[in-house]
Each structure stands twice: as C-alpha cells, then as structure tokens.
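Everything on this sheet refers to the single structure shown next.
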C-alpha cells in the first residue's frame, strides 16, 4: 500500500481512528474522511465531507489507491456505499476494504440487512473489494453493561454467548488485507473466547468494583432467538488474542 494514498472513511470513529493511527505508524500516507473535523488532523490528511450527500468525496479520493470503508450509520449506509462506489470508479481506486459483522446474513436486524446489502453492492461493483466480517467489539459489550450500571440488578439475555474481539486486532487484520489485494469475502474473525453473557457481566462488575445480582432474561423475539442459536458467532475463527476480561480490566483501570 505504500505506493499510493490511503483513504479511511469514518476515520474518527472507534475502528477508523485505530486503523488510521496504525497505518501512519507504519509509514503509510493516510487521509481521513469524516463528517466532523478531526482533532490533530489537518490539511491534505483530512477531508470534511459526507458520503450520504456526496460532499467532499471527490476531493477525498484524489490520488487514492486503497479505501478502508469504516463509515457506518443506522440510516443511509446503503446510500453512502453507492456514492463511494461511483466516486471510486471515477477516481481509479483499486481496492476497497469494507468492515462488516458476523451474522448479517442470519440475524433479522434491519441494520444487519443493510450491511448485507452493502456487501453485495460492493462485491458486484466491479471494483477490487475485500469484505471482512468480525464479531462484536469489546467496547460494545462494555457500553451495554455500562448503560445498566445503576440498576439494582444486572439483566443479561438468557442462554446467550458472545465472542467479543478487540477493535485494535480488527484494525491490524484490515491492514493485512489491504496489503494482500482484493480477496472478495475474507474469512470471518472473532474473539479468542465464546462465553456466556453472564460471565462477561461478572468480569465487568469485578473490574469496575460493583456488586449486582446477575439476572438472565428470556427475550421472546426472533433476533434474540438468533443470538441464542449463536448466529453471531465464529467458532472456527477465534483469531483474537485479547479477552474481554483483559480488555475490561485495563479499560476500567483509573
């Protein structure tokens, strides 16, 4: 990838910022596209734009060979991808690496369905494309537990396992894929352990110095049933090294 400029869409988000930092540490020329001005990033290294409205995309793609598409939104993600494809063709981009989620083809969530549609759009776009699905980030579980931290109990979905992965490890994998060239859909990646959500909640409570009864809750919905089946897991791809317990112990430290 050192032969050309790299663009990271969503470069100020959780994954995008990690990816950008690592690429720069490795001597790559990186430009960030974000809807907001990025702190500490200015000039040719930052373009403020919006993929949904097509603002700034042409400028952001000028001289770019590889795009890491990390921008994400609950609404408008398909439009963002469509605009990116059109602009990437015009700019002569040779490789688009897209981050997706394990289970988008199985779990009946609207957002997951959109991610699957974006995958199909990119694979049929005529561009050089790599799709990387990963299991959920450690931070997502941390946010979920944090949201109910003041309740007298810690509710968790019953009979449900998770396989969280460290976002930094996903960033490292994306860089490997970017350097390998277009590969279509790459093998899924997941965290090192598949654990009951109740056990992950205990790790969170222990790391944050809280004591709560953990209460499994049966959620009667198709989405919850898909999670109980493990449709979001990648048991054959435990490629991560950092466990949730290790992550939360460091994250919760003063």
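Counting only alpha carbon atoms, the long axis of helix 167-180 and the longest principal axis of the chain meet at about 30°.
Helix 197-208 versus the longest principal axis of the chain: what angle, 0 to 90°, nearest 10, using Cα atoms? Helix 197-208 sits roughly 90 degrees off the main axis of the chain. Sorted ascending by nearby beta carbons within 10 Å, beginning with the fewest, 165, 101 become 101, 165. Residue order for 247, 227, fewest other beta carbons within 10 angstrom first, comes to 227, 247.
Note on segment 125-189 and segment 57-106: Cα centroid distance 18 Å, given to the nearest whole angstrom.
Spin-label model, residue 59/residue 176: points 7 Å from Cα along the beta carbon direction are separated by 3.7 nm. What FRET efficiency would be calculated for the residue pair residue 124, residue 211, taking the C-beta separation as r and a Förster radius of 41 Å, to the nearest 0.05? Taking R0 as 41 Å, the efficiency between residue 124 and residue 211 is 0.20. Relative to the longest principal axis of the C-alpha atoms of the chain, give the angle of the C-alpha long axis of helix 138-147, reported between 0 and 90° and rounded to the nearest 10°. It works out to around 50 degrees.
Tell me what the chain gives for mean residue ellipticity at 222 nm when only DSSP H runs of n ≥ 4 count, each as -39,500 (n - 2.57), the sum divided by the residue total, rounded to 500 deg cm²/dmol.
-11500 deg cm²/dmol
Any read-out appearing in this document is the output of simple, stated calculations on the displayed coordinates, not a laboratory observation. Predicted model, so just to flag it, every value in this text is computed and none were measured. Using ideal geometry, Cβ is built from the backbone for each residue, glycine included, and neighbour counts are taken over all protein chains shown.
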